[in-house]
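Here the structure comes first, spelled out in structure tokens, and everything after it is commentary.
The values are calculated or read from the model by the stated rules, or taken from the named source; none is laboratory data. Everything numeric here is computed off the predicted structure, so don't read it as measured data. In this analysis, Cβ positions are derived from the backbone assuming ideal geometry, glycine residues included, and neighbour counts consider all displayed protein chains. Heavy atoms of the whole protein, side chains included, go into the accessibility calculation; ligands, DNA and RNA do not. Shrake-Rupley method; radii C 1.70, N 1.55, O 1.52, S 1.80 Å.
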Amino acid sequence: MTLARDRAYHHKLVIGQRARPGTFAAKIWHQSATQNNRPDVQDMTTWNDAFAPIRIEPPERPLWGLRWLRTVVANPMEAWPAAIYREPFVVARSMGRNVVFVAAPELIREVLLNQAEVFQKGELSERTLKPVLGEAILTADGAHWRWQRRAAAPAFRPEHVFALVPSILAAADRRRAAWQALPEGAEINLSHEMMRTTFDVILDALLMGRDSLDAEGIEKAITGYLSSTGWMMAIALLRLPPWLPYPGARAARRARLHLRDVAAMAVRRVRENRSGAGRLMTLLAAATDPSTGRAMDDQDLADNFLTFMAAGHETTALALTWTFYLLSLHPAAEQRILAEIENVTGGEPVTAEHVPRLSFTGQVIQEAMRLYPPAPVIARVPRREITLAGQVIAPGTLTYIPTYAVHRHALLWDDPDRFDPERFAPHVAEARDRYAYLPFGAGPRICIGMSFALAEAAAILATLLRSCHLRLRPAYRPRMKMQVTLRPAGGMPMRLSPR
Ligand code: HEM
């Protein structure tokens, strides 16, 4: 990289309040960057880098050319500039275009709430998700989004979510039985196991008769499609046409066609009234737009089936995978969860009534989603010119809320890279700015499945943890990889033993 370009990059960083050397924020930042060797006070284990929860080492200087391409294809988060972890607002010039990173809670509130009408999902969603999900609730904008959101909202009322918990517990119990049938010390790929468990749950919530769908084939197709999204993003960021060939394009196309076939079959079941009373697809098929009376056609139903199937299981599975990973590094936190489960259940099997009372378990899941948010970035594009942090942002500028970086921001978190569930003790969490922690997003487009996901994660964790002991394969260091969601690249190998 030339010096001139380097200087230009730093000039392009638009900084609200810099973490100036010597200030409190700068000190926190310095400490967190150098603190991975600290003894872990909670666990009293010997602490060294091998036990520190993994983190991304962001580049201090912008990446260019082949290095940029390789990084974006492999893991786009590794191309994000280091400044976004310590500045409230950064405009980075990357490969000839401006990318805005919004990290200060008051500015995030502007984008996601106060000016939400101005911001759309934009080109990245268009290039990566729309080809497979179509114009469903996650990907649509404007009036088409609004009516779908209104139509789906009643299905996520607390009473519906509560009614789903027994089916969640049954799925967790099937997983527990399968694990208990394995020989002691057997190694499993936990991320795969969690995907299969949450997949069972979401299919049961969407449609009756999950056994009629080929879970293995669907999961393969989803993973296959998502593994190409790095290329799709790189091509979009370079403003190249979407039809451009790239490695894996044909496999991604095959995966997309397979998923569309599955969706068409699901819609046939719904139309033939075989999707089950109270199931989400039945509710969606019966829903109408209160202002126009419009109902969902087959295309809308298929798009939403795929959206709920993908958005409704991947993310929760990843939250659980990263939670188990952190518990494997922090046995004291695990012991505390086990004590809580015994206390709440009195030694009986976990029931739907117990789940909301597992408060420390919930804190651990929240902290896991802080360090490893399953949706690590929220991307938007302004429809018209807008001013943010005193800067004029042109229409069409890629605007990122980099959730992963916000959750480890030096100005917002004390010792950001450290695992500490006490950050989510009620009195601590209440004192925090709502927009400093957003694993489920915020504003009108906040995750519709949030309470479902939280209940599901706690129910599955409690069921599995109390009967199975999981430890990361010795000396294994997972790597993060963003493929729309934040996955452990190469899975999460864990050794199982009974408790
Ligand atoms: C831990 C689990 C989950 C996480 C971390 C998560 C995260 C998110 C985030 C960050 C968004 C906002 C995206 C944006 O603003 O661009 C979102 C939206 C959405 N999520 Fe989730 N989600 C989870 C579970 C679920 C579940 C279980 C379902 C369904 C059963 C679901 C369905 C949706 C849908 C349909 C949207 C689009 C909402 C809209 O645009 O109106 N999610 N999710």
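Pairing each residue of segment 124-141 that is closer than 23 Å to residue 281 by Cβ with any residue that is assigned to a loop (DSSP other than H, G, I, E, B) and open to solvent by 10 Å² or more (accessible area, probe 1.4 Å), provided the two are 6+ apart or on different chains, yields C-beta distances under 6 Å for 139/129. If you check 87, 193, which single one turns out to be more than 23 Å from residue 469 (Cα to Cα) and away from the ligand (no atom under 15 Å from the Cβ)? On inspection, the qualifying residue turns out to be 87.
Checked across segment 140-148, the condition of being open to solvent by 40 Å² or more (accessible area, probe 1.4 Å), outside any helix (DSSP H, G or I) and within 16 Å of the ligand (Cβ to nearest atom) holds for at least one residue.
Residues that are at pLDDT below 85 and within 19 Å of residue 213 (Cβ to Cβ) were ranked within segment 278-323; the one that is nearest to the ligand (Cβ to nearest atom) is 279. Pairing each residue of segment 371-386 that is within 22 Å of residue 75 (Cβ to Cβ) with any residue that is assigned to a loop (DSSP other than H, G, I, E, B) and near the ligand (Cβ under 9 Å from one of its atoms), provided the two are 6+ apart or on different chains, yields C-beta distances under 6 Å for 373/439; 378/441. Taking the conditions (1) of a type outside the set (Lys, Arg); (2) open to solvent by less than 20 Å² (accessible area, probe 1.4 Å); (3) within 16 Å of the ligand (Cβ to nearest atom); (4) modelled with pLDDT of 95 or more in turn, residue 465 satisfies each one other than (3). Scanning segment 432-453 for residues that are within 6 Å of the ligand (Cβ to nearest atom) and part of a helix (DSSP H, G or I) returns 445, 452, 453. Please work out if residue 283 is under 17 Å from residue 148 (Cα atoms) and open to solvent by 30 Å² or more (accessible area, probe 1.4 Å). In short, yes.
The lone criterion from (1) open to solvent by 20 Å² or more (accessible area, probe 1.4 Å); (2) more than 14 Å from the ligand (Cβ to nearest atom); (3) out of contact with any Asp or Glu (no Cβ under 8 Å at 6 or more places or on another chain); (4) assigned to a helix (DSSP H, G or I) left unmet by residue 337 is number (1).
The set of residues in segment 363-395 that are surrounded by 21 or more Cβ atoms within 10 Å (Cβ to Cβ), of a type outside the set (A, V, I, L, M) and more than 30 Å from residue 489 (Cα to Cα) contains only 382. Regarding residue 398, is this residue open to solvent by less than 20 Å² (accessible area, probe 1.4 Å), touching a strand residue (DSSP E or B) at 6+ places or on another chain (Cβ under 6 Å) and modelled with pLDDT under 95? The answer is yes for residue 398.
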